[in-house]
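Okay, structure first, notes after.
Taken together, the values in this text are just the output of simple stated rules run on the coordinates, not laboratory data. It should be emphasised that the depicted structure is a prediction, and the values quoted were computed from it without experimental measurement. No Cβ is skipped: glycine too gets one built from the backbone with ideal geometry, and neighbour counts run over all protein chains shown.
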């Protein structure tokens, strides 16, 4: 049966997601505003304490924007991976690209991150969706020791990327797991499972009005995990599997 992974940003979200049926968590911060950044060590420790026995995978991404990093940024990510592993994370979620769209994965940076993970599961995030060569990229990731790839099929929403997702599943051929994610709603789950993906990933988030004032982001607000959406996704996945 495919795994249900939920991206969460705090202890309350982790507790809500697990109670509603999540199998695995991805922990990050600033999800709605940036697509997700590295959580603090304190947050990771608190989440691990709150949901013992649940696999918590830590997003390691030092800044918003693209996925081409300088040496100093790669060094920060290596340190963050080591810290996540030392804290007890079950895995890490990383991604680094070489210069130029056709260049593909930054293999040197990825190798350092995999070594730093020290045998924990490594997921390559949606930097994968920036690249054109699906099969070639999967070859590189599998050879590097990456366990799975998170992808929307190159679309803004995984529900709109079904053809490329199907091609990704075929090209992976069991060598590397394919996790469908990106704007996933419960009514997308059946179609995604039908492609043969190994996991479905969603944030199940809802906007929260929370005015931070002129020094805290103004009226932008934030997002929070909605347990009802997680429960619906769980039901849809069970029904489709």
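A few points about this structure:
- Distribution of pairwise C-alpha distances over the stretch 3-240, 10 Å bins, in %: 8, 33, 38, 19, 2, 0
- MRE, 222 nm, helices only [DSSP H, n ≥ 4, -39500 (n - 2.57), over the chain, to nearest 500]: -11500 deg cm²/dmol
- Relative compactness, the stretch 27-79, computed as alpha-carbon Rg over 2.2 N^0.38 Å: 1.24
- Full-stretch length increase - residue 211, residue 1 - with 0.36 nm per residue and alpha-carbon distance subtracted: 71.5 nm
- Packing-based exposure ordering (other Cβ within 10 Å, fewest first) of 225, 151: 225, 151
- Averaging 1/r over each pair of different alpha-carbon atoms in the stretch 63-158 and inverting the result gives 13.5 Å, the Kirkwood hydrodynamic radius.
- Put in line by how crowded their Cβ is, counting other Cβ atoms within 10 Å and starting with the fewest, 152, 40, 203 read 40, 152, 203.
- Computed log₁₀ I(q)/I(0) - Debye formula, equal Cα scatterers, no solvent, the stretch 156-235, q 0.24, 0.26 Å⁻¹: -1.05, -1.15
- Cβ-based exposure ranking for 63, 120, in which fewest neighbours within 10 Å come first: 63, 120
- Across the stretch 119-206, C-alpha contacts under 8 Å between residues 6 or more apart give a mean separation that, scaled by the residue count, equals a relative contact order of 26 percent.
- Whole-Å semi-axes of the stretch 1-137's equivalent ellipsoid (Cα gyration tensor): 25, 16, 14
- Relative contact order %, the stretch 3-240, counting alpha carbon pairs below 8 Å whose residues are six or more apart: 19
- Secondary structure note: in the chain, about 20% of the DSSP beta bridges are antiparallel.
- Value of relative contact order over the stretch 14-84, rounded to a whole percent, pairs C-alpha under 8 Å and six or more apart: 34
- When the chain is treated as a GNM with alpha-carbon contacts under 10 Å, the residue of 50, 20, 144 showing the greatest mean-square fluctuation is 50.
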